[in-house]
Amino acid sequence: MWDVCNRQNKVFMMAASSDERFKMLVAALDFGTTYSGYAFSFKADYTDDPSKITANTTWTTGSKSLFSQKTPTCLLLRPDQTFHSFGFEAEEHYSSLVDKDEHHSWYYFRRFKMLLHNNMELTRDTKVRDESREKGKELPALDVFVHSIRYLKNHLLNHLKKKSVANLIGGEGDEYIHWVLTIPAIWNDRAKQFMREAAKKAGIKSTNLSLALEPEAAALFCKILPLEKQTTESGTNLSMLKPGTRYMVLDLGGGTVDVTVQEVLPDHTLKELHKASGGAWGGTKIDEAFLQLIISIVGAPVFQQFKEKYPKDYLELVQSFETKKRAVNTSSKETFRIPVSLVELFETESEEDLNSLILQTRHTGKLKLDGDKLIMYGEMISEMFQHCRESIVEHVESLFAHPFCKDVDKILMVGGFSECVIIQEAIKKRFPNKRVVIPPDAGLAIVKGAVLFGHNPKMIISRNTKWTYGVQTNRNFKPGDPPDKMFKVGNVEKCKEIFSVHIGVNKTVEVGTPLPPKRYRALHRDDETIDIPIYISSEEQPEFTTDSSCSYLGKLTIELQKSNSDREIEVGMTFGGTELVVEAKGTKNKKVCVAKFDFLESKDKQS
């Protein structure tokens, strides 16, 4: 625990004498699919001991306080769409509303982060439906994210106030805090911009905000762990990640699984060896499998009635399974509570005994009902985890088949879902020659690593591009071009929808180093701006933006100076950071032009 009273004056002295005032304190918000939390550390503490990071482990529910590493990612809004509560408190109050049948005009959201995963249709106008799924109960997703981020930010600031750091956050105190938001490494640039804009609307200045890729953050945290805190399956201690070490980070979250492969360089910085990969194989898929199992037994109509008639019981069913699933294993039977209301509803509607029915299905011998207890045997548990388990193992296996993984002998398992015994055992069994490292409090590895990233983002020196990036442009029409792509500018025949590649897929790019610029020219003399559509592709060298491998990402807008006769612009893009950066200037006069990306405008609006 840090000594705030003793540190306070030292921290302010450092801030006053340094140009990096905004980094006096780094605060990381881990906004997860199922659970969220935060951590922070002062610059002075980071300098003395990087591992000295504080994470909040006390969350309020009603009048009580719970000791928990994180709080559920649940948001409750009043009927007028104003904020009411978040986390445990939102769960509890919504459950109370449901119990009194007063919830219909309220808005309750959970697990909405997955809306951003692999969503190439994401815009500022995207809507998200509330948990009840009642007709018309949807709100702009941006507003839902803003409320949630603002809650976490304010909770952290209030935590600091209680620790007697009032002068840090009073008045212009926010200027001294640098914020970090964690995001999956496999997210596209639309999702990243969405989170940045939500954070800005939540009161975080863009200049005081960084986005940290979750598996990278976890690796930074594991890298500083003391010797005695890293253990393998055999119980032997591992040394810290030394220069020359190549390892895989398996970030298992509630919604997604992120996999990166990195190497520790001689100066202890980290280099990415392969583009981030993964999929939607997180812990929520196990929850879905459990509910599908229940539906396969009682039938979809009965289960839908159950959700509508007994919503509080439904919430308790989901919450109790979510809490227990990480500790289950396939070597023994597990017991889950099933609401009596569901059993009685089924038996009333079907005029059958539920346990007798189970014994007549393919689940006989794997499952049985005893009152309000559903007893599940190892084979059934294994089937429930099968899709997630196999998807994760097969993906990791496919990566180890590549040359870049030849010397990788460690797998770091981080994220909340990494605490799942069944997934741990599957990885260890399939890769017996690899050292599987699961740090203590694996669910906090990402948020604590994000704090480290905020203090020193230069610890990551290179990354690999996830796609081929390029712009849609035009060139002179040539023989063999598709006739439907020909158009004229004056008397010159042009070919449209050309994919002009800026960088190919899975290319190593150094952080902060721009690529050689590309040149683009305004089509007409009176153009005041150049709007350049940005596309991505899974192919190395796509020819046209209409190829099946290509997707529209957004647009780049460049403002042309009115007094500038230079109609040709040099555009330089930097791909090595967690977000894309662009710079544009006149080819001849070298005057800098205002240039910005917009990945949240739909293609229809752009065209």
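Here is how the numbers come out for the structure above:
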{"read-out": "Counted charge near residue 282, where neighbours are those whose Cβ lies closer than 15 Å (Asp, Glu -1; Lys, Arg +1)", "value": "-1"}
{"read-out": "Computed FRET value (nearest 0.05) for residue 425 with residue 484, which takes r as the C-beta separation and R₀ as 60 Å", "value": "0.60"}
{"read-out": "Backbone HN-Hα couplings from phi across region 581-593 [Karplus 6.51/-1.76/1.60, Hz, Gly and Pro as x]", "value": "10, 10, 9, 10, 7, x, 5, 8, 8, 6, 6, 6, 9"}
{"read-out": "Net charge contributed by nearby residues that have their C-beta within less than 14 Å of residue 297 (K/R +1, D/E -1)", "value": "-2"}
{"read-out": "Within the chain, percent of DSSP bridges classed antiparallel, to nearest 5", "value": "80"}
{"read-out": "C-alpha long axis of helix 214-224 to longest principal axis of the chain, angle in °", "value": "80"}
{"read-out": "0 to 90° range, to nearest 10: angle between helix 445-455 axis and the chain longest Cα axis", "value": "30"}
{"read-out": "Linear extension gain, residue 323 paired with residue 350, 0.36 nm per residue minus alpha-carbon span", "value": "6.6 nm"}
{"read-out": "Whole-Hz couplings from phi, Karplus 6.51/-1.76/1.60, listed for region 335-343; x for Gly and Pro", "value": "10, 10, 7, 10, x, 4, 4, 5, 4"}
{"read-out": "Residues with amide H under 5 Å from that of residue 535, placed H, sequence gap 5 or more", "value": "470, 471, 472, 553"}
{"read-out": "Region 434-530: C-alpha gyration tensor shape, a/c 1.5 cut-off, then a/b vs b/c", "value": "prolate"}
{"read-out": "Entries of 127/200; 127/518; 271/325; 406/428 with Cα pairs more than 29 Å apart", "value": "127/518; 271/325"}
{"read-out": "Around residue 577: net Lys/Arg minus Asp/Glu count, Cβ-Cβ under 14 Å", "value": "-1"}
{"read-out": "In order through region 71-83: 3J(HN,Hα) via Karplus (6.51 cos²θ - 1.76 cosθ + 1.60), integer Hz, x for Gly, Pro", "value": "10, x, 7, 10, 10, 10, 10, 5, x, 8, 6, 8, 5"}
{"read-out": "Label-point separation, residue 507 to residue 67 (7 Å along Cα→Cβ), nm", "value": "5.3"}
{"read-out": "Shape call, the chain: gyration tensor on alpha carbons, a/c limit 1.5", "value": "prolate"}
{"read-out": "Cα-Cα separations in region 31-150 greater than 23 Å, expressed as whole percent", "value": "39"}
{"read-out": "Whether region 478-607 is rounded, prolate or oblate, judged on the alpha carbon gyration tensor where a/c under 1.5 counts as rounded", "value": "oblate"}
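Readers should treat all values here as calculations from the given coordinates under stated rules, not as data from a laboratory. Bear in mind the structure is a predicted one, so any value in this text is a computation, not a measurement. Note that each Cβ is placed from the backbone with ideal geometry, even for glycine, and that neighbours are counted across all protein chains shown.
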